Amino acid sequence: MANFNLYVPKMGCASCVAKIEKAFGQSAKSVSATVNLADKLVLVSGDIASDTALEIIKSVGFDGELVIDAKIAAEQKAADEAKEYRLRMMQAAVGLGLGVPLMLWGLLGGEMMVNNQAQQWAWGTVGVLTLLVMLLTGRHFYQGMWRAIKAKSANMDTLIALGTSAAWIYSMMVVVAPDWFPADTRHVYFEASVMILGLINLGHALELRARGKTSEAVQALLGLQASTAIRITDNGDEEVPIEQLQLGDRLRLRPGDKVALDGEVESGQSLINESMLTGEPIPVAKAQGDKVNAGTVNANGSLIYKVTAKATDTKLAKIIELVQQAQISKMPIGRLTDKVSAYFVPVVVMIAIISSLVWYNFGPEPALSHALVVLTSVLIIACPCALGLATPMSIMVSVGRAAKLGVLVRNGEALQTASKVTTVVLDKTGTVTQGAPELTDILMLSESGLAEPVNKAELLKNVASLEQHSEHPLASAIISKAKADGLVLVEPERFTNYQGKGISGQVNGQRYSVGNVSLMQQLQIAGTVNCEQLSNDFASQAKTPIFVAVDKQLVAIMAIADPIKTDALAAISAMKAKGLKVVMLTGDNQITANAVAQKVGIDTVVANVLPEQKQAKVQELQQAGEVVAMVGDGINDAPALVSADVGFAMGEGTDIAIESADFTLLSSRLMVINDTLALSKASMNNIKQNLFGAFIYNTLGIPVAAGLLFPFTGMLLSPVVAGAAMALSSLTVVTNANRLRRLSLS
């Protein structure tokens, strides 16, 4: 299955999007294409070669090229847009430079009619000059119309080219053969043709500048990538491009340098600034055995690290790819717009023709002039640029804003769903708490006369040795404590994992069982019932009690505490203030869970649940009519994350989380969830504003251009005003979308 991007610089409107996606849809059932009009990209997926995809693009009137390197492609796009901006500004200046004087001539009482030979010569000269200016300033529109005609379709260029050409051809016919026309219809409209082209080019130039801001997030991420690295060889250090690096190469990281590729530290110590990836401002200490990520910045230490991932496989590369795919993706609300736009241009052409014929046959004199004005105005004002940009521009800005927050959005649909969330379900460990538990107490039950005396250090050593094989997050606390005490761990002789309950195994000839009350009861451990009060005492302090048995006899209770995140209380308070219900799900016992919930202000707690029971609770909430966002670590909570309407994977942004979650939170701050939900609501409101503006503009603009207000005002909409309004509508949509970049989320 292929998956690649095509850069199509000549795409201009929503009808272009519909044509391209329809062409790919008809090529084969296994092939799909998603178009990002804002970034001029087409994401092609399925069983298809890139050459074939380019042929399909060409068949509907566009030239494209395969995107091989995202950074190079982004640089090329930026250069193309800068060049296009200068060109459009020049074309606008030339068009308006001729159009404004001609329009002022008419407004100030100058003769715009052709009634004698002198006027024929004068306006004939203006007509030739106008044609040259039209070719200089509107050539791309006429070429676009010709490509569309060859592809048996229509687009925005069709409307502009038909409108301006109709005005010029009519005017030139009046100049060449004025006797063919009634005396009161010998009006020329040369100023309309060049003014329209000048205004639309000016609008496109301003739109290009505003649109460039929407890609700043991806540009910033691409800018994080280092271009060279210091490779350590037998002949000494050498600076090489990252493209030449191989897996296993040893690289030197000097103070202030960027990490070139993902790797593992072999020697040295330093602080690494990872804020550009995680949003966390505090540098992270790195030493032997720690992972480093491409794009992060070294502080004042020096490290030697080994390359563990190629340039295309680094976490940064995957993040960039995910952000770009999310920006290209569509929302359900956007797909509706594309369907409407597919039929928009042909319908507009028919409305323009019918309206002009009605004016010609039934309108007041000069009927022919009025018919031409209506034809041109309807064609120009109906261009669906704003409609095509309404959704993708907002998605691009929102996904980019989220990336700056340290949140990766998987697709636009997830953003839309997140805006409807009514209930947030939080896992406890690693979400509400820091996920870095500490062993705080070891209560030897022999002190209470419940068992034969057992050596505490020996017990810790053997339990930690057994926990080395456990994947439970609490195991690390026991192992860390044992190592801190200088205990040497051994390999257990046997090991058994009890999902959601604990572990057992044999160490140094003795059988150990370590886990919760359920495990003790299942294994029929003696003395369990008598320890309920001691267990509750720990739990009431937000400490998780771990029971330890040796040879079927309970000998100790270990207490593990996981510190609550510093921003948990503020984040949950903010969620509740916005009317969201907050639920905490945990496999921990009820008393410990309640203690944590009380500290952070969570009212609903479901404890003692296994992973599959978390999923059932999420489904139960959904059946009760709630739109559920599940927040977990992306691996242990996978069933619940998948079942939820929206899944948030907390933590370090592992590969699994990045690939599976709707949202991956690279930051460990809980407040980011609140910001993301706020951003999703703001994004949907922004899209609705854009769509409302675009639909209202076209819905009201076409009847006004067709002359609906003429009986009441005695005036027709000037084609020049129509051109200015069309250009302004697109600029308004882009500007409104860019408001999301500065919007306060608190």
### Message
For a quick check of your reading of the model, give me the residue pairs whose first member lies in the stretch 607-619 and is within 20 Å of ASN594 (Cβ to Cβ), whose second is open to solvent by less than 70 Å² (accessible area, probe 1.4 Å) and among the β-branched types (Val, Ile, Thr), with beta-carbon atoms closer than 6 Å and at least 6 apart or on different chains.
### Response
ALA607/THR586; LYS617/VAL606
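Just to be sure, is ASP313 more than 23 Å from GLU264 (Cβ to Cβ), among the charged types (D, E, K, R) and either modelled with pLDDT under 85 or buried (at least 21 other Cβ atoms within 10 Å of the Cβ) (or both)? Spell out the reasoning first.
Numbers: more than 23 Å from GLU264 (Cβ to Cβ): no; among the charged types (D, E, K, R): yes; either modelled with pLDDT under 85 or buried (at least 21 other Cβ atoms within 10 Å of the Cβ) (or both): yes.
No, not satisfied.
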### Query
Out of the residues in the stretch 316-355 that are in contact with a strand residue (DSSP E or B) (Cβ under 7 Å, 6 or more places away or on another chain) and in a helix (DSSP H, G or I), which is modelled with the highest pLDDT?
ILE319
### Query
Can you name every residue in the stretch 456-477 that is over 18 Å from LEU554 (Cα atoms) and either of a type in the set (A, V, I, L, M, F, W, C) or surrounded by fewer than 17 Cβ atoms within 10 Å (Cβ to Cβ) (or both)?
GLN468, HIS469, GLU471, LEU474, ALA475, ALA477
### Task
Assess whether ALA166 counts as being surrounded by 19 or more Cβ atoms within 10 Å (Cβ to Cβ) and either at pLDDT 85 or above or over 30 Å from THR314 (Cβ atoms) (or both).
yes
### Message
If I filter the stretch 27-42 down to residues being at pLDDT below 75 and not small (Gly, Ala, Ser), which single residue comes out as farthest from ASN411 (Cα to Cα)?
### Response
LYS29
### Query
Quick check: is even one residue across the stretch 417-436 modelled with pLDDT of 85 or more, surrounded by fewer than 23 Cβ atoms within 10 Å (Cβ to Cβ) and part of a helix (DSSP H, G or I)?
yes
## Note on the structure
With criteria (1) modelled with pLDDT of 75 or more; (2) under 25 Å from the mean Cα position of the chain (by Cα); (3) assigned to a helix (DSSP H, G or I); (4) farther than 30 Å from ALA226 by Cβ, ALA18 comes up short on (1)
### Summary
Of the residues in the stretch 572-595, those that are closer than 19 Å to ASP637 by Cα and touching a residue at least 60 places away in the same chain (Cβ under 8 Å) come to VAL582, VAL583, MET584, LEU585, THR586, GLY587, ASP588, ASN589, ALA593
### Query
Taking the stretch 598-623 as the search range and keeping residues that are outside any helix (DSSP H, G or I) and in contact with a strand residue (DSSP E or B) (Cβ under 9 Å, 6 or more places away or on another chain), which one is most open to solvent (accessible area, probe 1.4 Å)?
ASP603
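Rundown of residues vs (1) farther than 15 Å from ILE546 by Cβ; (2) at pLDDT 85 or above, yes/no style:
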{"site": "ALA477", "(1), (2)": "no, yes"}
{"site": "LYS481", "(1), (2)": "no, yes"}
{"site": "VAL488", "(1), (2)": "yes, yes"}
{"site": "PHE495", "(1), (2)": "yes, yes"}
{"site": "GLN499", "(1), (2)": "yes, no"}
{"site": "VAL507", "(1), (2)": "yes, yes"}
{"site": "GLN510", "(1), (2)": "yes, yes"}
## Note on the structure
Per the filter on the stretch 539-551, residues modelled with pLDDT of 85 or more and part of a loop (DSSP other than H, G, I, E, B) are ASP551
### Query
Got a sec? Which of ILE479, ILE525 is closer than 16 Å to ILE442 by Cβ and either in contact with a strand residue (DSSP E or B) (Cβ under 7 Å, 6 or more places away or on another chain) or of a type outside the set (Ser, Thr, Tyr) (or both)?
ILE479
### Query
How about the stretch 104-149: which of its residues are in a loop (DSSP other than H, G, I, E, B) and either under 21 Å from ASP179 (Cβ atoms) or within 54 Å of the chain's Cα centre (by Cα) (or both)?
LEU108, GLU111, MET112, VAL114, ASN115, ASN116
### Summary
Filter the stretch 183-228 for residues that are outside any helix (DSSP H, G or I) and open to solvent by 10 Å² or more (accessible area, probe 1.4 Å); the one that is modelled with the lowest pLDDT is LEU224
### Message
I need a count of the residues in the stretch 572-597 that are open to solvent by 10 Å² or more (accessible area, probe 1.4 Å), assigned to a helix (DSSP H, G or I) and modelled with pLDDT of 90 or more.
### Response
4
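The values are calculated or read from the model by the stated rules, or taken from the named source; none is laboratory data. If you're wondering where the values come from, they're calculated on a predicted model, not measured in any experiment. Note that each Cβ is placed from the backbone with ideal geometry, even for glycine, and that neighbours are counted across all protein chains shown. Heads up: the accessible areas ignore ligands, DNA and RNA and are worked out on the full protein's heavy atoms, side chains in. Shrake-Rupley method; radii C 1.70, N 1.55, O 1.52, S 1.80 Å.
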